[in-house]
Amino acid sequence: MVDPTADTLEAVATAVRDCLRCDLCKTRNHAVPGEGNPQTEVLFIGEAPGLNEDRSGRPFVGAAGQFLDELLASVQLKRSDCFITNVVKCRPPNNRDPEPTEIAACASYLDRQIALLNPKLIVTLGRFSMAKFFPGETISRIHGKLRMINGRLVLPMYHPAAALHQNSLRATILEDFKQVPLALAAARQQAAPPPSPAPASAEAPKLEQKTLFDL
Ligand code: URA
Ligand code: SF4
């Protein structure tokens, strides 16, 4: 039986498109709720829509999105396998940083999306989505280090747009992205009945502090 009172991704998207909770609603053309596979195992969280996203209403469709597609392809993932959204759903004027008040006003939409998708892995792209899970941390210190936060794996990464401004970050981001399939494999193994014996894996994910057995 479908519960008619149950929250849905469509309900979140509709609420975002109609949202007037912060001043970004005054300058947006299209709110960008996020999109992807509702059955996804991995959720990518960026910063905020830019020019192209504001025009189209879709996440990561500009140059940063092209690099994100490249990153996904590098680990044999497609956009249609994933769900992609942002901390703030409307474009800040001139792509300025989102304000703390805007992030706070928008947070419940992201929280609902996380609850509905219940992904095995969250990948944060850039410092604003990192700060949601790792307050007080700096991205240069923790990028590429997988951690367990409230029972879920979270991988903080540099924003793909950073590589467009600073070419030396491309290789770092590509290297960090290799943690994505490793983390998913670890999460699947944890969800599955106990393996006997544990398969020898070539490379273990670089999980900070905890070992695979604490997952
Ligand atoms: N950068 C982001 O953080 N999000 C987008 O959707 C596009 C660019
Ligand atoms: Fe609403 Fe978020 Fe858009 Fe602000 S940024 S108007 S809180 S959807």
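The values are calculated or read from the model by the stated rules, or taken from the named source; none is laboratory data. Note that the structure is a prediction, hence the values are computed from the model and not measured. No Cβ is skipped: glycine too gets one built from the backbone with ideal geometry, and neighbour counts run over all protein chains shown. Just so you know, the surface numbers come from the protein's heavy atoms only, side chains and all, with ligands and any DNA or RNA stripped out. Shrake-Rupley method; radii C 1.70, N 1.55, O 1.52, S 1.80 Å.
Table for the structure above
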| read-out | value |
| --- | --- |
| Interchain or long-range residues, amide H under 5 Å from Leu153's placed H | Ile122 |
| Estimated 222 nm signal from helices in the chain, with DSSP H stretches of n ≥ 4 weighted -39500 (n - 2.57), rounded to 500 | -11500 deg cm²/dmol |
| The range 122-151 versus the range 26-81: alpha-carbon centroid distance in Å | 19 |
| As computed over the range 69-159, the Cα convex hull volume per residue (Å³) | 123 |
| Additional length obtainable on full extension of the chain from Ala191 to His165, 0.36 nm per residue less Cα span | 5.5 nm |
| 3J(HN,Hα) from dihedral phi, the range 91-99, Karplus parametrisation 6.51/-1.76/1.60, rounded to Hz, x for glycine, proline | 5, x, x, 6, 6, 5, 4, x, 7 |
| Within the accessible area of the chain (1.4 Å probe), percent carbon and sulfur | 53 |
| Those trypsin sites (Lys or Arg not before Pro) in the range 59-109 that DSSP places in a loop and that have at most 14 other beta carbons within 10 Å | Lys78, Arg96 |
| For Leu20, solvent-accessible area (1.4 Å; no DNA, RNA or ligand), Å² | 140 |
| Asp97, Asp54, reordered so the largest accessible area comes first (probe 1.4 Å) | Asp97, Asp54 |
| Residue among Pro119, Pro181, Pro160 with the largest mean-square fluctuation in a Gaussian network model of the chain, springs linking Cα atoms under 10 Å | Pro181 |
| Rounded accessible area of Ser140 (nearest 10 Å², 1.4 Å probe) | 80 |
| Gaussian network model of the chain, springs between alpha carbon atoms under 10 Å - residue of Asn29, Asn37, Asn94 with greatest fluctuation | Asn94 |
| Summed residue charge, Cβ within 15 Å of Ala171's Cβ, Lys/Arg positive, Asp/Glu negative | -1 |
| Estimated inter-spin distance, Arg152 and Ala73, nm [label 7 Å along Cα→Cβ] | 2.9 |
| Rounded to 10°, Cα long-axis angle of helix 179-191 versus longest principal axis of the chain | 70 |
| Heavy-atom accessible area order for Arg28, Arg170, Arg58, largest first, 1.4 Å probe | Arg58, Arg170, Arg28 |
| Share of Cα-Cα pairs in the chain lying beyond 33 Å, as whole percent | 14 |
| Residues whose placed amide H lies under 5 Å from that of Asn86, excluding near-sequence neighbours | Gly46 |
| Order of exposure, largest accessible area first, which applies to Glu102, Glu137 with probe 1.4 Å | Glu137, Glu102 |
